[in-house]
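Accompanying notes for the structure given below.
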Amino acid sequence: MTDRTIVIGAGPNGLAAAVTLARAGVPFEVYERASFLGGGTRTAEITLPGFRHDICSAVAGLGRDGGAWLSLMRPFVEHAERVADLISGPLLRLPARPWELLGLGLAVLEQGSPLWNVRWRGEAAPTLWLTTPAPTVAPSSPAWR
């Protein structure tokens, strides 16, 4: 029996894994349940001929919380290089511009307090807010690799 890696799913992550394995010369097989590739990045004609739709939405509709989401996240997008430098460096150090983290810190403290319901009116934006940092705080253990 030869060693090989099995990639489950031919969506964006599975295909990215397959490309990475191929570039490294690692034998692999991709298994996909559906009869098509692409997973959540598919577009198809589901109403009328010629009208193509995003089957699995890549952007969540934030409804009335869209403005609150933008005001909270805009500084991090506008200063992405500084954010990347901060989160990829040593944990025990003073950031170059600590005041830039104040908005994020205050938003984190809002969770579970009455202020949470002042910022958010619907369910989509706070759910997105709670799940956005999840991959960055997952423990580095064999169960998560």
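Every number in this text was worked out from the coordinates using simple rules, so none of it is lab data. Just so it is clear, the model here is predicted, and its values are computed rather than measured. Cβ atoms come from the backbone with ideal geometry, glycine included; neighbour counts cover every protein chain shown.
Which percent of Cα pairs goes in each bin when the distances of the range 5-54 are cut into 5 angstrom slices starting at zero?
With 5 Å bins starting at 0, P(r) equals 5, 21, 23, 17, 12, 9, 7, 4, 2.
By count of other Cβ within 10 Å, fewest leading, how are 53, 79 ordered? Let's see the in-between values first.
Values: 53 11, 79 14.
Going from least to most buried by this count: 53, 79.
What FRET efficiency comes out for residue 115 versus residue 55 if R0 is 35 angstrom and r is the Cβ-Cβ distance? Round to the nearest 0.05.
Working: r = 37 Å, r/R0 = 1.06.
The pair residue 115/residue 55 has a calculated efficiency of 0.40.
Under 10 °C and 1.306 mPa s, how fast does the range 65-112 diffuse according to Stokes-Einstein, given a Kirkwood radius computed over C-alpha pairs? Answer in µm²/s, whole number. Kindly include the intermediate steps, with their values, before the conclusion.
Details: Rh = 11.8 Å.
D = 134 µm²/s.
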